[in-house]
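Asker: Dumping the structure here so I can ask a few things about it.
Nothing in this text is a laboratory measurement; each read-out follows from the coordinates by a stated rule. Source: prediction; values computed, not measured. Ideal geometry is used to build each Cβ from the backbone, glycine not excepted, and the neighbour counts take in all protein chains shown.
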Amino acid sequence: MTVLRALGRKPWIWSFLAAIIVWLVTVFFTGGASSIGLSQAALTFAAFSVIVGIGQMFVITLGPGNIDLSVPATMTLAGTLALKLMNVEDGLIMPGLLVSILIGLGIGIGNYALIKLLRIPPIIATLSMSFIIQSTAIWSNRGLRIKPPEQLADFTTSSFLGVPNVAIVALVLSALGWLLLERTIYGRWISAIGQSMFAAKMAGIPVDGTRLATYVLCAILASICGYLLASFSGGAALNMGAEYLLMSIAVVIIGGTAVAGGDSNVPGIWGASLFMFLVVSMLNTYGFGAGPRLVLTGLIIIAVILIAGGRPTGGR
């Protein structure tokens, strides 16, 4: 009982519990025939939500009003330019990744420059930046769908010991994100700023530098996700990042990260991402159309947030 109470106080446990319940319902409905395939698909598609969710979580942890709405456009531009540079050549896979990271670096700096220099809210600054980024992607893409190098496509669509490679990449990035938050002074600075920016400044914390680094980190993770998603999908599309705008925010909130800032939760993002994919899969299995499916998905998300919100959130 003591162990159960301790787990109940962990905000991330509720997203995993919700994901397990939805998985069981779906498997039961299909007679268990799809359990392995469903699990692998859930890990694959959840991985992309996890990668962008980690970046969004860092930004949200900075406190109220901090959010990055340029994530979808960043994914699109990074995927488009990386594939265009690689031009289906296996020897250019690493340069393509480097270009994606540099794109994220530039976008992150641009986002915070708008926030700081123009003194406008992050939601407005990042939304404005997203229009610029998306326009650049449209100009550079010109309606073409460039294929990824064969080795990169094979990597993103293959598995290792039954675990999808993209899920392994997401797990590695999650571990690095957790280490940053829990084991570095940077992580303590983010939490302190999220709890009180004024107090953080009085304590001598480099608030501007920390916020800049956080927006850059979010953009880089979005760029890496775009690079992987474009390769997994067989090419970059101009709308490929669209669904990750709300998804990157939803998995952070459902995963137990405090919306008010100051308290983050890496494990919860995995539970929330798996839950989000499995909900859609379950509703598809039951034959719901797009409209009812979106309504039911929204109601289920609200229910999970209410259940988790009524629990203590002191532990991670």
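Asker: Anything in the range 244-256 that is in contact (Cβ under 8 Å) with a residue 24 or more places away in the chain and either closer than 25 Å to Thr156 by Cβ or within 13 Å of the chain's Cα centre (by Cα) (or both)? List them, or say none. Even if it seems obvious, please write down each step before you answer.
Answerer: First, pick out the residues of the range 244-256 that are in contact (Cβ under 8 Å) with a residue 24 or more places away in the chain: 244-245, 247-256.
Hits for the range 244-256 are Tyr244, Leu245, Met247, Ser248, Ile249, Ala250, Val251, Val252, Ile253, Ile254, Gly255.
Asker: Right, here's the next one. Please name all residue pairs, on different chains or six or more residues apart, with Cβ atoms under 7 Å, provided the first residue is in the range 120-134 and is farther than 14 Å from Arg211 by Cβ and the second residue is among the hydroxyl-bearing types (Ser, Thr, Tyr) and in a helix (DSSP H, G or I).
Answerer: Ile133/Thr74; Gln134/Thr76
Asker: Can you tell me which residue among Ile109, Ile115 is assigned to a helix (DSSP H, G or I) and farther than 23 Å from Ile51 by Cα? Outline the logic, then answer.
Answerer: Numbers: Ile109 fails: farther than 23 Å from Ile51 by Cα.
After ruling out the rest, the residue left standing is Ile115.
Asker: Then there's this: Given the conditions (1) among the small types (Gly, Ala, Ser); (2) part of a helix (DSSP H, G or I); (3) closer than 26 Å to Ile109 by Cβ, which single one is not true for Gly241?
Answerer: (2)
Asker: Something else now. Which one is farthest from Gly209 (Cα to Cα) among residues in the range 56-93 that are acidic (Asp, Glu) and assigned to a loop (DSSP other than H, G, I, E, B)?
Answerer: Glu89
Asker: Give the residue, chosen from Arg183, Arg211, that is closer than 22 Å to Val266 by Cβ and free of Cβ contacts under 8 Å to residues at least 60 places away in the same chain.
Answerer: Values: Arg211 fails: free of Cβ contacts under 8 Å to residues at least 60 places away in the same chain.
Selected residue: Arg183, the only one of Arg183, Arg211 that is closer than 22 Å to Val266 by Cβ and free of Cβ contacts under 8 Å to residues at least 60 places away in the same chain.
Asker: Hey, can you tell me all the residues within the range 244-285 that are part of a helix (DSSP H, G or I) and closer than 23 Å to Met129 by Cβ? If you could, list the steps in order and put the result at the bottom.
Answerer: So the first thing to find is which residues in the range 244-285 are part of a helix (DSSP H, G or I), and the list is 244-254, 266-285.
Across the range 244-285, the qualifying residues are Tyr244, Leu245, Leu246, Met247, Ser248, Ile249, Ala250, Val251, Val252, Ile253.
Asker: Just to be sure before I move on: is Gly194 assigned to a loop (DSSP other than H, G, I, E, B), more than 13 Å from the chain's Cα centre (by Cα) and surrounded by 20 or more Cβ atoms within 10 Å (Cβ to Cβ) in the structure I sent?
Answerer: So Gly194 fails the test.
Asker: Continuing with this model, one more query. Just one of Ala272, Ala170 is closer than 30 Å to Glu150 by Cβ, in contact with a helix residue (DSSP H, G or I) (Cβ under 7 Å, 6 or more places away or on another chain) and touching a residue at least 12 places away in the same chain (Cβ under 8 Å); which is it?
Answerer: On the way: Ala272 fails: closer than 30 Å to Glu150 by Cβ.
Exactly one residue qualifies, and that residue is Ala170.
Asker: Quick check: is even one residue across the range 94-117 more than 18 Å from Thr214 (Cα to Cα) and either among the charged types (D, E, K, R) or touching a Gly at 6+ places or on another chain (Cβ under 6 Å) (or both)?
Answerer: Narrowing the range 94-117 to residues more than 18 Å from Thr214 (Cα to Cα): 94-99.
Checking the rest, the ones that are also either among the charged types (D, E, K, R) or touching a Gly at 6+ places or on another chain (Cβ under 6 Å) (or both) come to none.
There is no residue in the range 94-117 that is more than 18 Å from Thr214 (Cα to Cα) and either among the charged types (D, E, K, R) or touching a Gly at 6+ places or on another chain (Cβ under 6 Å) (or both).
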